[in-house]
1. Hey, what number do you get for the chain at 222 nm if only DSSP H runs of n ≥ 4 count, each worth -39500 (n - 2.57), divided across all residues, to the nearest 500?
2. For the stretch 102-168, which GluC sites (Glu not before Pro) are in a loop by DSSP, counting at most 10 other Cβ atoms within 10 Å?
3. Where a Cα-Cα gap under 22 Å defines reach, which lysines qualify for residue 184, not counting those fewer than 8 residues away within the same chain?
4. Among 199, 245, 266, whose Cα lies farthest out toward the positive end of the dipole of the stretch 162-312, if unit charges sit on the beta carbon of Lys, Arg (+1) and Asp, Glu (-1)?
5. Dipole magnitude of the chain about its Cα centre, charges +1 at Lys/Arg Cβ and -1 at Asp/Glu Cβ only, in debye to the nearest 20?
6. So who's got an amide H within less than 5 Å of the one on residue 162, skipping anything under 5 residues away but keeping other chains? H placed 1.01 Å off N, in plane.
7. Fully extended, how many nm does the chain gain between residue 28 and residue 329 (0.36 nm per residue separation, minus their Cα-Cα distance)?
8. Karplus couplings for the stretch 34-39 from phi (6.51 cos²θ - 1.76 cosθ + 1.60, θ = phi - 60°), rounded to Hz, Gly and Pro as x?
Amino acid sequence: MTREIVINGRFLSRRITGVERYGREILSLFRGSYRVEMTRVNGARGHAWEQFTLPAKLKSQSILWSPANTGPLMVRNQALTIHDLSPLEHPEWFRKNFAAWYRLFLPMLAKRVRVIFTPSEYVREKVIRRFGVKNVTVVPNGVNTARFHPGARPLNHDLPEKFIFFVGSIQPRKNLQALLGAWKDIKKEYPDLWLMIAGAVGTIFGGTQRMQCERVIFLDYVDDDDLPGIHAGATLFVLPSFDEGFGLPALEAMACGTPVIVSDGGALPETVGDAGLVFDLADPGSLAAALRRGLEDAELRSFLRAKGLERAKEFPWQRSADMIWKTLNEI
């Protein structure tokens with residue numbers, strides 16, 4: 001029988017954030033034939049489609065890839081990408097029904113599938129330890145340097161001359177309270193500087209309150225075509241998360257030549273390597289100190305810019321796509 005590669009395309013109906021970009025980029029670079037099964041429904045109806053309708057569309061020789069943390073429990077010939085375990089480890093960051101579903105469902109699915117992909121060694125070790133599985137392979141995220149590059153310009157946004165940039169879903173895990181607190185500490189020292197925060201409040205997350213601060217711009221969701229230009233125009237990019245399975249926005253900022261400051265949460269140090277400033281989540285003053293250092297030291301910014309551009313070259317999406325494609329054809 002001829003092997004058939006099928007993609008669980010449930011993620012294609014959603015607005016593009018990190019997980020959705022991952023799936024779309026890799027699909028566009030597969031070197032072979034495959035079939036995508038899609039749905040337009042989300043929420044509970046999306047779960048039902050994934051668990052019952054999708055399996056009925058598969059053949060006995062089908063190999064399914066589920067790129068977005070979930071997949072049909074009844075399909076064993078399946079590869080699953082787990083981007084992080086935050087719904088299991090920190091259910092308080094999510095809506096109760098969402099966290100409860102994942103805590104029940106994901107351990108069963110992880111033990112059923114043939115292969116699990118993770119974006120970092122950090123997540124791989126957690127998956128092995130938590131689920132007692134061995135079939136876990138690290139496939140790093142990537143960056144499209146044809147889109148994310150220093151010459152990118154935004155199409156629909158007028159930018160301040162100098163600004164610090166954050167992008168990500170507005171949710172407790174991103175630790176925006178610390179960023180806004182650090183901004184309150186330093187903003188009087190830099191009267192021509194702004195803080196720009198891009199991201200929408202997701203439907204699956206617990207509440208995150210926005211502090212009212214001077215010279216803070218909340219952009220809500222930024223269209224994918226505008227994101228590279230905003231990254232490229234920023235003085236600094238900051239990702240202060242408590243936990244990240246990879247930290248794709250930091251890599252995209254580095255590809256745009258923007259100096260990056262990240263927390264030591266999760267896989268962020270693994271992703272940026274020595275190409276970014278890493279601050280200590282346990283030290284309340286370390287984020288403000290890192291921001292001051294990045295703003296005042298032009299030589300450091302130049303160094304981080306060069307290191308970031310080189311670091312970004314180490315993460316081509318094609319390599320990720322080839323690793324996944326090869327595994328799917330070996331299951």
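Just so you know, all these numbers are worked out from the coordinates, no wet-lab data involved. All values reported here derive from a predicted model rather than from experimental measurement. Glycine also receives a Cβ, built like all others from the backbone with ideal geometry; neighbour counts cover every protein chain displayed.
1. -10500 deg cm²/dmol
2. When the GluC sites (Glu not before Pro) of the stretch 102-168 are filtered for loop state and at most 10 Cβ neighbours within 10 Å, 161 remain.
3. Candidates past the 8-residue exclusion: 162, 174.
4. 199
5. With only Lys, Arg, Asp and Glu charged at Cβ, the dipole is about 1500 debye.
6. Amide H to amide H, under 5 Å and 5 or more residues apart or across chains, residue 162 pairs with 194.
7. Stretched fully, the residue 28-residue 329 segment lengthens by 106.6 nm.
8. Using θ = phi - 60°, the values come out as 7, 10, 9, 9, 10, 9 Hz.
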